[in-house]
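**Student:** Submitted below is the structure of interest, expressed as structure tokens.
The values are calculated or read from the model by the stated rules, or taken from the named source; none is laboratory data. Note that this is a predicted model, so its numbers are computed, not measured. Cβ atoms come from the backbone with ideal geometry, glycine included; neighbour counts cover every protein chain shown.
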Amino acid sequence: MQPASIDDTLAQLQSRGYFASRELATALFLALRMQRPLFLEGEPGVGKTELAKAAAAMLGTALLRLQCYEGLDTASALYEWDYPRQIMALRLAEAAGEKPGGDTLYRDEFLLKRPLLQALQPDPQNPSARRVLLIDEIDRADEPFEAFLLELLSDFQVSIPEYGTVRADEPPLVVITSNRTREVHDALKRRCLYQWLGYPGRERELAIVAARAPESSAALQRRAVAFVHQLRTMDLFKAPGIAETIDWCRALAALAVTELDPQSVQDTLGVLLKYQDDLAQLDTQRIADTLALAE
Ligand SMILES: Nc1ncnc2c1ncn2[C@@H]1O[C@H](COP(=O)(O)OP(=O)(O)OP(=O)(O)O)[C@@H](O)[C@H]1O
Ligand SMILES: [Mg+2]
């Protein structure tokens, strides 16, 4: 359902297991109201992708997801024709003694619609819902693709020579994410509402962990979150994200750890830190010191 206010946005996201900051809920609410794309940047594992999923669930539609990568082209992003089926149709028409024309080849059923095109058309399962399009990790795509996207996002229409023009009756909610492996063009950013996603405060992270790793005890969750927050103050190559905190609580629960001690932390540190240099920094003494600080 379209949220009626910022509080309603927060509540609706939360009922789907997503705990947003007020700033993020405001940005999402405005993106919906102003029909502007939402550009999310932030560290890995802080809930960028997940927000798009929660927003789609909130609006009652299936999420359309375009994962960007180097070399992504319009055939994978927008549409392509199903050549094998077109050839088959051509042969069948010839065998039947018909003269094949454009309507033999360019039929709706032969048009393979990729996420960008799908986003311009109603959701067949729920035609009245606003579509939600996630363009994930735009920083991985090439610049020409970014330019193409810019055009699409400005008029929400595409023209397919053999088929016609497809235009969205209502612009989809577009969520674009970036991990900042490179800067995205100002022209694209200018069209969007921008939101930086940082690490959450303790209370919000606790709420997330409680919802996503319910098998761990409240006391353990509190201690684990405090420890992770201490880790984030250290000079690490890659600090743990929310995803890692959740995984860690689940791992501790799976090992039936009820009390955090240096040994149990040491044994499971690979769930939180994924770089050898970071792991090497945390020897037994440092773990004990960090645990002492994480009260
Ligand atoms: N605010 C949140 N509320 C609930 N769960 C969250 C939240 N933020 C993150 N999570 C959890 O953390 C996991 C990772 O989040 P997500 O995949 O959205 O991160 P990301 O920012 O897209 O990371 P990456 O840059 O690596 O793709 C999610 O699967 C979800 O379980
Ligand atoms: Mg992501």
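**Student:** Do the conditions hold for Leu66, that is, is it outside any loop (DSSP other than H, G, I, E, B), under 28 Å from Leu197 (Cα atoms), among the aliphatic types (A, V, I, L, M) and assigned by TED's automatic domain parsing to the domain that holds Glu170?
**Tutor:** yes
**Student:** Of the conditions (1) in contact with a Cys (Cβ under 7 Å, 6 or more places away or on another chain); (2) surrounded by fewer than 20 Cβ atoms within 10 Å (Cβ to Cβ), Leu32 fails just one. Which one is it?
**Tutor:** (1)
**Student:** Out of the range 153-200, which residues are within 22 Å of the chain's Cα centre (by Cα), acidic (Asp, Glu) and within 30 Å of Asp108 (Cβ to Cβ)?
**Tutor:** Glu170
**Student:** Got at least one residue in the range 150-173 being touching a helix residue (DSSP H, G or I) at 6+ places or on another chain (Cβ under 8 Å), within 12 Å of ligand 1 (Cβ to nearest atom) and in a loop (DSSP other than H, G, I, E, B)?
**Tutor:** No, the conditions are met nowhere in the range 150-173.
**Student:** Show the residue pairs that are 6+ apart or on different chains and have beta-carbon atoms under 7 Å apart, the first residue being within the range 188-207 and in the same structural domain as Glu23 (by TED's automatic domain parsing), the second being modelled with pLDDT under 95 and loosely packed, with under 14 Cβ neighbours inside 10 Å.
**Tutor:** Pairs that qualify, where the first residue is in the same structural domain as Glu23 (by TED's automatic domain parsing) and the partner is modelled with pLDDT under 95 and loosely packed, with under 14 Cβ neighbours inside 10 Å, are Arg191/Ser154.
**Student:** Residues in the range 47-68 that are out of contact with any Lys or Arg (no Cβ under 8 Å at 6 or more places or on another chain) and either modelled with pLDDT under 95 or away from ligand 1 (no atom under 12 Å from the Cβ) (or both): how many?
**Tutor:** Qualifying residue count, the range 47-68: 3.
**Student:** Does at least one position in the range 64-71 carry a residue that is loosely packed, with under 15 Cβ neighbours inside 10 Å, without any contact (Cβ under 8 Å) to a residue 40 or more places away in the chain and of a type outside the set (A, V, I, L, M)?
**Tutor:** Scanning the range 64-71 turns up no residue that is loosely packed, with under 15 Cβ neighbours inside 10 Å, without any contact (Cβ under 8 Å) to a residue 40 or more places away in the chain and of a type outside the set (A, V, I, L, M).
**Student:** Only one of (1) out of contact with any helix residue (DSSP H, G or I) (no Cβ under 6 Å at 6 or more places or on another chain); (2) of a type in the set (Gly, Ala, Ser); (3) not in a loop (DSSP other than H, G, I, E, B) fails for Ala256. Which number is that?
**Tutor:** (3)
**Student:** Between a residue in the range 264-291 that is free of Cβ contacts under 8 Å to residues at least 60 places away in the same chain and over 12 Å from Ala239 (Cα atoms) and any residue that is β-branched (Val, Ile, Thr) and in a loop (DSSP other than H, G, I, E, B), which pairs come within a Cβ distance under 7 Å, given they are 6 or more apart or on different chains?
**Tutor:** Here the result reads Ser264/Val257, each pair linking the range 264-291 to a residue that is β-branched (Val, Ile, Thr) and in a loop (DSSP other than H, G, I, E, B).
**Student:** Something else: In the range 30-46, which residues are near ligand 1 (Cβ under 10 Å from one of its atoms) and either under 25 Å from Phe110 (Cβ atoms) or assigned to a strand (DSSP E or B) (or both)?
**Tutor:** Once the filter is applied, which keeps residues that are near ligand 1 (Cβ under 10 Å from one of its atoms) and either under 25 Å from Phe110 (Cβ atoms) or assigned to a strand (DSSP E or B) (or both), the range 30-46 yields Leu40, Glu41, Gly42.
**Student:** Let me ask something else about it. Looking at the range 232-242, which of its residues are of a type in the set (A, V, I, L, M, F, W, C) and surrounded by fewer than 16 Cβ atoms within 10 Å (Cβ to Cβ)?
**Tutor:** Within the range 232-242, Met234, Phe237 meet the criteria.
**Student:** Of everything in the range 123-159, what is within 16 Å of Leu59 (Cβ to Cβ) and buried (at least 17 other Cβ atoms within 10 Å of the Cβ)? Give them in sequence order.
**Tutor:** Asp123, Ala129, Arg130, Arg131, Val132, Leu133, Leu134
**Student:** Somewhere in the range 8-24, is a residue in a loop (DSSP other than H, G, I, E, B), under 20 Å from Ala119 (Cβ atoms), out of contact with any His (no Cβ under 6 Å at 6 or more places or on another chain) and in contact (Cβ under 8 Å) with a residue 12 or more places away in the chain?
**Tutor:** Checked the range 8-24: no residue is in a loop (DSSP other than H, G, I, E, B), under 20 Å from Ala119 (Cβ atoms), out of contact with any His (no Cβ under 6 Å at 6 or more places or on another chain) and in contact (Cβ under 8 Å) with a residue 12 or more places away in the chain.
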